[in-house]
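Structure first, commentary second.
The values are calculated or read from the model by the stated rules, or taken from the named source; none is laboratory data. All of these numbers come straight from a predicted model, not from anything done at the bench. As a convention, Cβ positions derive from the backbone with ideal geometry for all residues, glycine included, and neighbour counts pool all protein chains shown.
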Amino acid sequence: MDVPSDLSTFRSIGTAPGAAGDVMRGTVRWAPAKSLWVASMASLALVGGYLTFSWAAVGVFAVSTALVLLFGHSLGSHRKLIHNSFDCPQWLEYLLVYLGVQVGLAGPLGLLRQHDLRDHAQRQPDCHPYLRHGRSFLGDGWWQLHCELVLDAPPDIALAPSVENDRFYRFLERTWMLQQLPPAVLLYLAGGWPFVIWGVCARITAGVTGHWLIGYFAHNHGGMHNRIDGAAVQGRNIGWTSLLTMGESWHNNHHAYPASARLGLYPGEWDPGWWMLTLLRKLGLVTRITLPADLPPRPERQALDAAALLAPVPSTPSSNWAVLHALRAILIARQTVTLRAPCVNLPPQRLAALCGAGVAVQHLPGLGRLELAVGETVVRGMSGVLLGIATRGRAAALTALALLPLALAVETVRARVETTA
Ligand SMILES: [Zn+2]
Ligand SMILES: [Zn+2]
């Protein structure tokens with residue numbers, strides 16, 4: 001079998017003959033514990049969620065889901081434990097991984113093994129459809145949420161001893177389902193059963209279902225900047241889910257640079273996990289961060305578009321004067337407006353539909369950030385989008401004006417964080 005050249009650097013497959021195993025032959029079997037866990041959480045979330053609905057409980061669901069996905073799944077489980085793409089104090093690593101267990105997918109060591117098996121299998125010329133999400137949509141859902149793959153000759157996955165022998169991780173591995181009890185008790189004390197149903201059962205259901213959905217789409221449909229020659233399956237980027245997944249849906253980038261701590265690599269690709277990492281670095285809590293430039297070259301990686309050859313561009317914030325000047329030009333002088341955008345998170349047509357009829361939308365993939373131009377004045381990022389929306393009419397202009405201070409504040413923080421990244 002033709003083995004991709006980077007396999008030798010893949011950290012967790014043993015080097016002994018036969019260690020790579022056979023990732024083609026195996027049986028998919030119903031996994032009772034996993035299946036009952038997912039089904040009971042989903043039924044409790046659906047029935048209980050309907051019976052106990054309140055906006056406060058929905059708020060608890062939204063905040064707790066965002067927290068476990070950002071700090072737990074994206075930073076703790078994926079970018080730290082699995083890829084070790086940054087350094088942080090041990091207590092912070094434990095806290096992040098603990099939050100990762102709260103997603104309700106598996107224990108930390110089980111998740112690590114499952115990820116490394118897929119990572120290894122997907123780099124082979126071919127692998128079992130279970131490992132590359134190769135079945136129909138619903139078939140894949142049944143497999144991933146209710147079944148397990150038992151390979152005839154599984155690869156020899158050796159975890160780093162420091163992780164495998166860690167007593168805290170072993171404890172979490174044995175008790176990962178029970179780890180939902182502490183937050184459940186706290187939520188019960190804070191708001192009774194509605195908070196428990198929404199803050200635990202609905203959160204787990206959303207996290208586990210979302211994890212499968214992204215896994216399915218990120219290996220079947222979506223954009224690509226890079227292609228890995230000789231791999232059984234390519235990763236795909238799903239732009240519109242970048243905020244919901246905390247940046248994890250830039251999966252084509254992840255296949256291209258698996259050990260990079262940053263997932264949204266190209267102009268306009270939103271990556272909340274990366275924003276949080278750079279903030280933690282500013283606070284002195286995160287030290288080493290691995291980026292694509294730090295990784296060894298991979299001859300099998302082929303750039304497919306101009307963006308893949310560009311380095312990520314840090315954004316320059318537009319001055320508040322520029323914003324005021326553009327506002328005057330749009331609302332009073334009624335000058336013509338151009339929006340130039342990488343249009344990664346919003347397709348150009350949808351961006352044009354958001355703005356007034358007089359706004360010309362240009363798709364420029366090489367541009368660092370979306371920008372709105374009125375004459376000589378340029379306004380970047382979210383403030384630019386709001387100004388574009390303001391051209392629609394009076395109600396849109398008032399809404400845009402009300403949101404503008406928030407957008408300016410976000411842009412300022414983002415620019416500060418990025419210039420030190
Ligand atoms: Zn993948
Ligand atoms: Zn990964």
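Scoring H146 on the criteria (1) within 13 Å of ligand 1 (Cβ to nearest atom); (2) touching a helix residue (DSSP H, G or I) at 6+ places or on another chain (Cβ under 8 Å) leaves a single failure, condition (1). In the stretch 74-93, the residues that are of a type in the set (S, T, N, Q) form Cβ pairs under 7 Å with partners that are modelled with pLDDT under 95 and within 16 Å of ligand 1 (Cβ to nearest atom), at six or more places apart or across chains, as follows: S85/A259; S85/S260. Taken over the stretch 38-78, residues that are out of contact with any helix residue (DSSP H, G or I) (no Cβ under 7 Å at 6 or more places or on another chain) and within 16 Å of ligand 2 (Cβ to nearest atom) amount to 1. Restricting R262, R236, R298 to those that are more than 23 Å from P347 (Cα to Cα), among the basic types (K, R), within 16 Å of ligand 2 (Cβ to nearest atom) and crowded, with 17+ Cβ neighbours inside 10 Å reduces the list to R298.
Looking at Y216, Y188, Y169 in this structure, which one is in a helix (DSSP H, G or I), modelled with pLDDT of 95 or more, within 22 Å of W37 (Cβ to Cβ) and within 16 Å of ligand 1 (Cβ to nearest atom)? It would help to see each step written out before you state the result.
On the way: Y188 fails: within 16 Å of ligand 1 (Cβ to nearest atom); Y169 fails: within 16 Å of ligand 1 (Cβ to nearest atom).
From the options Y216, Y188, Y169, the qualifying one is Y216.
Restricting V208, V163 to those that are touching a Phe, Trp or Tyr at 6+ places or on another chain (Cβ under 7 Å) and either of a type in the set (K, R) or away from ligand 1 (no atom under 16 Å from the Cβ) (or both) reduces the list to V163.
If you go through the stretch 159-189 and keep only what is crowded, with 16+ Cβ neighbours inside 10 Å and of a type in the set (V, I, T), you end up with just V163.
Check the stretch 328-342 and report whether any residue there is within 16 Å of P267 (Cβ to Cβ) and surrounded by fewer than 17 Cβ atoms within 10 Å (Cβ to Cβ). Please lay out each step first, then the result.
The first filter runs over the stretch 328-342 and keeps only residues within 16 Å of P267 (Cβ to Cβ), leaving 339-342.
Still in the list and also surrounded by fewer than 17 Cβ atoms within 10 Å (Cβ to Cβ): none.
The answer is no, given that none of the residues of the stretch 328-342 is within 16 Å of P267 (Cβ to Cβ) and surrounded by fewer than 17 Cβ atoms within 10 Å (Cβ to Cβ).
Against the criterion of being without any contact (Cβ under 8 Å) to a residue 24 or more places away in the chain and within 16 Å of ligand 2 (Cβ to nearest atom), Q122 does not qualify.
Going by the conditions given, is Q114 within 15 Å of ligand 2 (Cβ to nearest atom), without any contact (Cβ under 8 Å) to a residue 60 or more places away in the chain and surrounded by 17 or more Cβ atoms within 10 Å (Cβ to Cβ)?
Working: within 15 Å of ligand 2 (Cβ to nearest atom): yes; without any contact (Cβ under 8 Å) to a residue 60 or more places away in the chain: yes; surrounded by 17 or more Cβ atoms within 10 Å (Cβ to Cβ): yes.
Here the answer is yes, as Q114 does meet what is asked.
Screening the stretch 239-259 for residues that are under 23 Å from T65 (Cβ atoms) and small (G, A, S) and picking the one that is farthest from ligand 2 (Cβ to nearest atom) gives G239.
For H254, the test of being within 15 Å of the chain's Cα centre (by Cα), within 12 Å of ligand 1 (Cβ to nearest atom), in a helix (DSSP H, G or I) and surrounded by 20 or more Cβ atoms within 10 Å (Cβ to Cβ) is passed. Restricting the first member to the stretch 143-169 and to residues that are farther than 26 Å from T209 by Cα, and the second to residues that are modelled with pLDDT of 90 or more and of a type in the set (S, T, Y), the beta-carbon pairs closer than 7 Å and six or more apart or on different chains are V163/Y169; F168/Y94.
Quick one: would you say G100 is under 25 Å from Y216 (Cα atoms), more than 16 Å from ligand 1 (Cβ to nearest atom) and at pLDDT 95 or above? Steps first, please.
Details: under 25 Å from Y216 (Cα atoms): yes; more than 16 Å from ligand 1 (Cβ to nearest atom): yes; at pLDDT 95 or above: yes.
Against the criterion (under 25 Å from Y216 (Cα atoms), more than 16 Å from ligand 1 (Cβ to nearest atom) and at pLDDT 95 or above), G100 qualifies.
When you check H83 against the structure, is it surrounded by fewer than 22 Cβ atoms within 10 Å (Cβ to Cβ) and within 14 Å of ligand 2 (Cβ to nearest atom), yes or no? Spelling it out, H83 is indeed surrounded by fewer than 22 Cβ atoms within 10 Å (Cβ to Cβ) and within 14 Å of ligand 2 (Cβ to nearest atom).
Out of the residues in the stretch 233-248 that are assigned to a loop (DSSP other than H, G, I, E, B) and more than 11 Å from ligand 1 (Cβ to nearest atom), state the one that is nearest to P125 (Cα to Cα). The residue in question is I238.
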